[in-house]
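The numbers here are math on the coordinates, done by the rules we state, and not lab data. Predicted model only: the values in this text are computed from it and were never measured. Positions of Cβ are backbone-derived with ideal geometry, glycine not excepted, and every protein chain shown enters the neighbour counts.
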């Protein structure tokens, strides 16, 4: 069965914690469409090679891990549609005890890499790549004096560049023609817009179709003058142009919030909406909200919790316990990032919050 991204993230977090005492953890990647029998024949050959390992414990663990990996593949019989990743190794925390764990994964996207690796850690980068959000929005906030270029990727806003112009806000004529100085300032501003446009093109054009759109913000007509300097391809990707004051990193966050209607289906907007709903309930009807690990769990066990929000910074074992209890009471759980301002607020509240079905008084 294909593993969704939430399940994949849980598995990757689990496997990240495993450490081999030597190079004894086996990672195998089978690309989509590749014949599985060829892979486990290769692993059986590796078992023969592993017999030459000098350290007896390492030798035994590697051979046992390869056997477990081959067994998993034979049980499957054929390569799943999206390919296959298999991990096997001694996961015992006790020095003198051997416990060979094994996992097989059909990833949510087709694998295009073939790999066999035996190391102290499992090789997880190909799966981590699938957990990344591929599609992005370009973010630009600017005025005549500075510009900040960023990216919106999933729920994360990141800064990719910051430029300053040297264009003065006010320029005294000093006896010269005021019109001449106005033209001078306009010329300096135009050069700055072109400089920003060039940097934007360097950042965004290589993204190709992964760039879903561009959001631009700034005061007055500055942003409109800047957009004229973009090349046609990027100009056509401008989805929103918003008036705003700040042109630093905080301006990027303001720009995303002001553009919520233009990117309504993106993860960051969904997270912001659901978190804002919780904060509104907490402010207006505190008896219909809860926060903190114990408080939220208690109210869920009462059957009062309709929706529970959990920060993705929380320990996976605790999250799994919440999910188990939630399934008993028909409670919905959403895992939210700490990439937004609201997500950071949730973390400050202990990482757990609940919107209740009815009021609960202490």
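Data table
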read-out	value
Quotient of Cα Rg and 2.2 N^0.38 Å for the stretch 5-131, N being how many residues it contains	1.01
Helix 178-204 vs. the chain, principal-axis angle (Cα, 0 to 90°, nearest 10)	10 degrees
Using alpha-carbon coordinates, inclination of helix 316-329 to the longest axis of the chain, degrees	90 degrees
Highest-first arrangement of 64-75, 82-93, 42-53, where packing means the average Cβ count within 10 Å	82-93, 64-75, 42-53
Percent of C-alpha pairs per 10 Å bin, the stretch 170-303, short to long	10, 26, 25, 16, 13, 7, 2, 1
Cα centroid separation - the stretch 335-351 against the stretch 194-213, whole Å	30 Å
Length-normalised contact order of the stretch 17-117 in % [C-alpha pairs under 8 Å, at least 6 apart]	40 percent
Rg [Å, one decimal], Dmax [Å, integer] - the stretch 268-356, C-alpha atoms	11.7, 33
The chain: antiparallel DSSP beta bridges as a percent of all, rounded to 5	70 percent
With 5 Å bins from 0: P(r) over the stretch 108-154, alpha-carbon pairs, percent	5, 14, 17, 13, 12, 10, 10, 8, 5, 4, 2, 0
Fraction of antiparallel bridges per DSSP, the stretch 118-264 only, in percent to nearest 5	60 percent
Cα→Cβ-extended label distance, 7 Å offset, between residue 163 and residue 98, nm	6.2 nm
FRET efficiency for residue 125 and residue 186, using Cβ-Cβ distance with R0 set to 51 Å, rounded to 0.05	0.55
Label-to-label distance, nm, for residues given as residue 198 and residue 332 (7 Å Cα→Cβ offset)	5.0 nm
Degrees, to the nearest 10: 267-284 long Cα axis against longest axis of the chain	80 degrees
Extended-chain gain in nm, criterion 0.36 nm per residue less alpha-carbon gap, residue 75 and residue 348	93.6 nm
Percentage, to the nearest whole number, of Cα pairs in the stretch 86-196 over 22 Å apart	64 percent
